[in-house]
1. Would you check which residues across segment 9-26 are over 11 Å from Ala76 (Cβ atoms) and of a type outside the set (Ser, Thr, Tyr) and list them?
2. Which of the residues belonging to segment 27-48 are over 30 Å from Pro75 (Cβ atoms), among the polar types (S, T, N, Q) and part of a helix (DSSP H, G or I)?
3. Take the residues in segment 1-12 that are in contact (Cβ under 8 Å) with a residue 40 or more places away in the chain and either in a helix (DSSP H, G or I) or not polar (S, T, N, Q) (or both), then tell me which one is surrounded by the most Cβ atoms within 10 Å (Cβ to Cβ).
4. Scan segment 33-60 for residues that are touching a residue at least 24 places away in the same chain (Cβ under 8 Å) and either surrounded by fewer than 16 Cβ atoms within 10 Å (Cβ to Cβ) or of a type in the set (A, V, I, L, M) (or both) and jot them down.
5. Does Leu78 satisfy the criteria of being closer than 29 Å to Gly97 by Cα and either surrounded by fewer than 14 Cβ atoms within 10 Å (Cβ to Cβ) or within 17 Å of the chain's Cα centre (by Cα) (or both)?
6. Considering only segment 46-76, state which residues are aromatic (Phe, Trp, Tyr) and in contact with a helix residue (DSSP H, G or I) (Cβ under 8 Å, 6 or more places away or on another chain).
7. Return a yes/no flag: does segment 35-51 have any residue that is closer than 25 Å to His82 by Cβ and modelled with pLDDT of 95 or more.
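The values are calculated or read from the model by the stated rules, or taken from the named source; none is laboratory data. This is a predicted model, so every value here is computed, not measured. Neighbour counts are summed over all protein chains in view; Cβ atoms, including those assigned to glycine, are modelled from backbone coordinates with ideal geometry.
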Amino acid sequence: MTIDKDRFTKSERKELKRLVGLAYERELAKALESLEENFRQWKKNKITAFELGELIHKFHNGIARDLWSFYTTGPAELNVRHAIAKGVILKNEISTGILEKLNIIMLRRAQDEVGRDAE
């Protein structure tokens, strides 16, 4: 996870890291619900231990890895904006200062894209 040190204060960077962790945890918890259901099916003998093992393997190599990669390697401000857009983090969970800076960043990026498209 990277954070632009010129744009955010030390306390804001700490808050962004917290928000990224919160979003990651919430998305992972949601994804684990399907795996939880697979465990229920196994307990009811509807699937075998081998089938459950395969589902766990697919979960680990699929959504779990995708979430880990997304939330640990990307720019924190974009990860937080993504989480807001998906409804994983609510705007009222974010300080006004950070929310304003995130909005400014997104506005600038959109303007940059429009400028590139015009060229």
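1. Correct list: Lys10, Leu22, Glu25, Arg26.
2. Asn38, Gln41
3. Here the residue is Phe8.
4. Once the filter is applied, which keeps residues that are touching a residue at least 24 places away in the same chain (Cβ under 8 Å) and either surrounded by fewer than 16 Cβ atoms within 10 Å (Cβ to Cβ) or of a type in the set (A, V, I, L, M) (or both), segment 33-60 yields Ser34, Leu35.
5. yes
6. Result: Phe59, Trp68, Phe70, Tyr71.
7. Scanning segment 35-51, I find at least one residue that is closer than 25 Å to His82 by Cβ and modelled with pLDDT of 95 or more, so the answer is yes.
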